[in-house]
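Data first, discussion second: the structure below is written as structure tokens.
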Amino acid sequence: MPKTILHATQLTRILGGKHLWADRFCIIQDEDTELKQAQLNAMADIYAGAEAVIIAASGDDAESGLNGIPGVSAPRNLASTGAVSDAIPCDFVHEVGRRELMHDQARSMMLANKKWYWRGWTFQEQMSSCRKIVFQDGTVN
């Protein structure tokens, strides 16, 4: 099983979830059939009905994993990402103590340079999901 899906499975268990939809396994990948088209047409409803959608925004492939899940995956590497305010206009980032909080617009700006952002289903995933857990570089949002 690919590392990202394995980590998502373990995170789902940690959060008390009973089900995990993984597109790779739940949608027929190899052929273009009516069933596959029906599943693709239902994706907005699937995202909307999910308790949370786990997004691996940093990885190039399914083996990249989800860093930062205690006891499951490698720790987040915050030092490699630099400060959020270095990459985002200051209007969108606010310092609270030693932490930086950012608006959704800033998060979207950071995601725009990721491979995930340019994939076909990303818009539906972003717009239809009520709750998202986004693994991106050294952060989990």
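The values are calculated or read from the model by the stated rules, or taken from the named source; none is laboratory data. Note that the structure is predicted; figures quoted are calculated from it, not measured. Note: areas computed on protein heavy atoms with side chains; ligands, DNA, RNA excluded. Shrake-Rupley method; radii C 1.70, N 1.55, O 1.52, S 1.80 Å.
Things worth noting here:
- Helices (runs of 4 or more DSSP H) wholly inside segment 1-67 that include at least 2 residues being open to solvent by less than 90 Å² (accessible area, probe 1.4 Å), under 16 Å from T122 (Cα atoms) and modelled with pLDDT of 90 or more: 43-49
- Residue within segment 77-89 that is of a type outside the set (F, W, Y), modelled with pLDDT of 85 or more and open to solvent by 60 Å² or more (accessible area, probe 1.4 Å) present: no
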